[in-house]
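Here is the structure we will look at, set down as structure tokens.
The values are calculated or read from the model by the stated rules, or taken from the named source; none is laboratory data. Everything quoted here is computed from the prediction, not taken from an experiment. Here the Cβ positions follow ideal geometry from the backbone for every residue, glycine too, while neighbour counts run over all protein chains shown. Areas reflect the complete protein model, heavy atoms only, side chains present, ligands, DNA and RNA absent. Shrake-Rupley method; radii C 1.70, N 1.55, O 1.52, S 1.80 Å.
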Number of protein chains: 2
Amino acid sequence: MADVATAAGVSPMTVSRVINGDARVLPATRDKVQEAIGRLGYVPNPAARNLAGARQCRLVLLHTNPSAAYLSEFLLGSLASARKSDAELIVEQHDSGESPAALAARLAAHRVDGVLLPPPLCDDEALLASLASQRLEVAQVATGAPASTAHAVFIDDEAAAFAMTMHLLEQGHRRIGYVSGSPDQSASHLRRRGYKRALKDFGIDIEEVLIVPGDYTYRSGLEAAERLLNPSIRPTAIFAANDDMAAAIVGAAHRMALDVPGTLSVCGFDDTAIATATWPELTTIRQPVSAMAHRAITILANSIRRKDGSQSIAMQRVLLPFELVRRGSDARLEAGT
Amino acid sequence: MADVATAAGVSPMTVSRVINGDARVLPATRDKVQEAIGRLGYVPNPAARNLAGARQCRLVLLHTNPSAAYLSEFLLGSLASARKSDAELIVEQHDSGESPAALAARLAAHRVDGVLLPPPLCDDEALLASLASQRLEVAQVATGAPASTAHAVFIDDEAAAFAMTMHLLEQGHRRIGYVSGSPDQSASHLRRRGYKRALKDFGIDIEEVLIVPGDYTYRSGLEAAERLLNPSIRPTAIFAANDDMAAAIVGAAHRMALDVPGTLSVCGFDDTAIATATWPELTTIRQPVSAMAHRAITILANSIRRKDGSQSIAMQRVLLPFELVRRGSDARLEAGT
DNA sequence: CTGAAAGCGCTTACAG
DNA sequence: CTGAAAGCGCTTACAG
């Protein structure tokens, strides 16, 4: 930095201002400095910036066995976003076996300022309470139940499930099975509600026998398929609350020699990698995972740095758009079927 | 740190020595310091350590569309290991569209000292050459072809494929199909060679028609299944060069109403998440992904820091053990079948 | 075996 | 709008 300063004929302080985008620097001065930076190939040393500034920001991404596909996409998005925000991101696992106290100690040891909570941890109330009592900034990602002590970034799960069910209805399906997600994730309830509302709005009676429980694993999808694919009740379409379960249903259908989508339409939710790894590829709801990670990190970083005097800033609520992506696993119900 | 020093009645220098495990500190002094550290809940500030010491170490993990399951496991392992080694790890994508020059510029901007190359990038010779010319330390992970300019961490792919084929042979199978991996990954060749060698050692003629090409994607596994499951040539067992393809074969077999493992045994390679997401779960070769990440990072960090005078230290070669994990997708060939 | 000095590369106040 | 001073929390030599 000193070299840049002498090369540009200014003080190091001015170079610092240019780097940090201080608006008060004269355009002419700024240009001189920028030129020197470019010519010398100067890159600021982050360690020094952290040391000098008090505006350090260390975030932790807490996860517990989510699907690998979701986690890697979320991780990549978070890492990229953290770097842009000049925040340090550490990644830690927190399983149900660990006590809140043990976790608190771990976070303190890492001098964490903020916590990122993807599902299913985003809905863990005990965890949320413990974090709040440690005065940490927390962001819930993809939750269906924003907490009063946390920021939250999510899609409208209910509307998404409604849209997907509507889509199936418009394809002519009337008997649509539903495989729900873990009851301990708030989004699961919203998704099922969206499914039910679409049916009602369309004037169709809900058949409880067509709604079977799942827990987002492939395995649970297989079990659900066993029930729903029984000839005595088999619907013409099945909407699963996530892609893993939808993929399992496609697999089970094939095993029973049922054609997808000819005889059975199957739709998923999330648009993770498995959605395009099955055949036919899954029609599903795309969640903007990395955008969600990005927003969550930005909110956390800003709110941690802005934490000067005005201590209690309102918790942010960010609703991001979903998208129904149509692929090959669903089809119009033919009259004769 | 100053607080700890006064609390323990020593100089900050001594505290620093204790933290860094300097062997010359008297046990008595060390204990006093440790006690003070514990009591005060002191945690060293990494930014300051980096700034003060010249032994900073910044690593980049370069990836390009590997399977999500592999990437997330590798990422998690790398992140944890980097933190232990006190190395900063940044994660970047490098696709074939990007020129070596553009990548070089990106790495320079990030002041990278070392590069971690998981497959398939570990076998990209142009990339390896470009990195070497930038005098970066690089570690190839899971490669079958260690480069002279890089450290390498790998398993014995040939021996692993040999072991799996042997296992199938011992189960009574004589006609064993093989689905190979991308020819541009060095490990693919080793795996196929292991398969062939087992057959030869067992005194069985190789049927070229049973060896079909794949590229590690689920899709390619489906295509391979189409060929191998044709009644005219159908083998009693199929060994796929990775789990994704093996899962596709299980799926295809089910669609054709073939029982796995009753009528057809299927084995995979890697033991990624998909191996336990299919039904039956896949018998496969477990690669110690996170251990591999850990070793690669440790080697990189040490060699970067040790880079004092003795400039050209030998490139390391680390062979890690694999494990054949037996699950439900293979069975003994019954006499009548 | 332990300590006093200087400095890593920036940024925060504080001046002007 | 720009600069001179001091300091962030450690570690590297260098003494003793």
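Rounded to the nearest 10 degrees, the angle from helix A:243-255 to the longest Cα principal axis of chain A is 30 degrees.
Distances between equivalent label points of B:ALA163 across the copies, with each point positioned 7 Å along Cα→Cβ, amount to 4.8 nm, shortest listed first. Note on region B:157-286: with charges restricted to the Cβ of Lys and Arg (+1) and Asp and Glu (-1), its dipole about the Cα centre is near 280 debye. Checking the a/c ratio against 1.5 first, then a/b against b/c, what shape does the Cα gyration tensor give for region A:184-248? Oblate. How tilted is helix B:289-305 with respect to the longest principal axis of chain B? Cα atoms for both, answer in degrees (0 to 90, nearest 10). Roughly 40 degrees, rounded to the nearest 10.
Debye-formula intensities of chain A, expressed as log10 I(q)/I(0) at q = 0.07, 0.10, 0.14 Å⁻¹, are -0.39, -0.68, -1.03 (one equal scatterer per alpha-carbon, no solvent). Here the gap between A:LEU320 and A:ARG306, fully extended at 0.36 nm per residue and compared with their Cα-Cα distance, gives a gain of 2.7 nm. Across all Cα pairs in region A:9-83, the calculated P(r) in 10 Å bins from zero up to the longest distance comes to 14, 33, 24, 17, 10, 1 percent per bin. Which angle from 0 to 90°, rounded to the nearest 10, does the C-alpha axis of helix A:100-109 make with the longest principal axis of chain A? Once rounded, the angle reads 30 degrees.
Model label points for B:ASP205 and B:MET1, set 7 angstrom from Cα along the Cα-to-Cβ axis, are 7.4 nm apart. Taking amide hydrogens as placed 1.01 Å from N in the peptide plane, the amide H of A:GLY144 sits under 5 Å from those of A:SER186, A:ALA187, each at least 5 positions away in sequence or on another chain. Rolling a 1.4 Å probe across all protein chains gives A:LYS196 an accessible area of roughly 60 Å². Using a cutoff of 8 angstrom between alpha carbon atoms and counting only pairs six or more residues apart, the relative contact order for chain A works out to 17 percent.
The solvent-accessible area of B:MET13, taken with every protein chain present and a 1.4 Å probe, is close to 90 Å². In terms of accessible area, using a 1.4 Å probe and ignoring ligands and nucleic acids, B:GLU35, A:GLU207 rank largest first as B:GLU35, A:GLU207. Put simply, when B:129-135, A:297-303 are sorted by average Cβ atoms within 10 angstrom per residue, most first, you get A:297-303, B:129-135.
Relative intensity of region A:96-165 on a log10 scale, I(q)/I(0) at q = 0.15 Å⁻¹, equals -0.51, per a Debye sum over C-alpha point scatterers of equal strength in the absence of solvent.
Take the Kirkwood radius over Cα pairs of region A:90-229, plug it into Stokes-Einstein at 25 °C and 0.890 mPa s, and you get 144 µm²/s for translational diffusion.
For region A:157-286, the average shadow cast by the Cα convex hull is 6.7 nm², which is a quarter of the hull's surface. Amide H contacts of B:VAL138: B:VAL115, B:HIS151, each under 5 Å away and 5 or more positions distant or on a separate chain (H built 1.01 Å from N in the peptide plane; Pro and chain starts excluded).
What the pair-distance distribution of region A:2-44 shows, using all Cα-Cα distances binned every 5 Å from zero, is 5, 29, 41, 21, 4 percent.
For B:ASP259, the solvent-accessible surface computed with a 1.4 Å probe is close to 80 Å², ligands and nucleic acids excluded. For region A:262-302, the alpha-carbon radius of gyration amounts to 1.64 times the rule-of-thumb value 2.2 N^0.38 Å expected for a compact globular protein. For region A:35-158, the normalised intensity computed at q = 0.11, 0.13, 0.16 Å⁻¹ comes to -0.43, -0.58, -0.82 (log10 of I(q)/I(0), Debye sum over alpha carbons, equal scatterers, no solvent). Spherically averaged projected area of the convex hull of Cα atoms, region A:230-275: 3.0 nm².
Using a 1.4 Å probe and counting only protein heavy atoms, how much accessible surface gets buried when B and A come together, both sides summed, in Å² to the nearest 100? Working shown, then result.
Numbers: alone 15820 and 15820 Å², together 28610 Å².
Accessible area lost upon association: around 3000 Å².
Placing dummy labels 7 Å off each Cα toward the beta-carbon, the span from A:GLU170 to B:SER99 is 4.6 nm. Just so you know, the Cα atoms of the protein assembly as shown work out to an Rg and Dmax of 28.1, 90 Å. Spin-label model, A:LEU26/B:ALA108: points 7 Å from Cα along the beta carbon direction are separated by 3.2 nm.
Our note on the geometry: Cα centres of region B:112-170 and region A:35-104, 28 Å apart.
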